[in-house]
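A.B. asks: Quick one: structure below, then a few questions.
No value in this document is a laboratory result; all are computed from the given coordinates. From a predicted model like this one, the values you see are computed outputs, not experimental measurements. With ideal geometry, Cβ positions are generated from the backbone for all residues, glycine too; neighbour counts draw on all protein chains shown.
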């Protein structure tokens, strides 16, 4: 997973572009003086759900990006297997994507973070949110 910057309606030299989706250009570094940029997280999901497109998009080159200010991501630290299973059933209802990046990482809408914390506490599951 890596952070990128997206720009719309500005001209970015071809050499500075990493990717694009139609007229939305994606770069690995913020471009000075170019106006509003949207921070993106490129993910390589092992699973996406039907709400993925509410939180991200697939670029012209078939890479997956989520809007960084719209998501939260976490991984499980510890917990009983049965409790983890029940916890993940709850998470599944709000899941955007699952990513394997040294650990299994769950991506949800950022407004669900307090709810995920409450579920983890209820099921005695240790989780850690990833900060980008």
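A.B. asks: Quick check: pseudo-label points 7 Å beyond the Cα along Cα→Cβ at residue 82 and residue 121, how many nm apart are they?
C.D. replies: Once both label points are built, they end up 2.4 nm from each other.
A.B. asks: Can you give the convex hull volume of the alpha carbon atoms of region 54-132 per residue, in Å³?
C.D. replies: Given the Cα convex hull of region 54-132, per-residue volume reads 98 Å³.
A.B. asks: Then there is this: On C-alpha positions alone, give me the angle between the axis of helix 113-122 and the longest principal axis of the chain, in degrees, nearest 10.
C.D. replies: 20 degrees
A.B. asks: Over 20 Å, how big is the tail of the calculated P(r) for the chain, in percent of all Cα pairs?
C.D. replies: 48 percent
A.B. asks: Now for a separate question. Pull out the extension gain between residue 129 and residue 104, defined as 0.36 nm times the separation in residues minus the alpha carbon to alpha carbon distance; nm, one decimal.
C.D. replies: 7.8 nm
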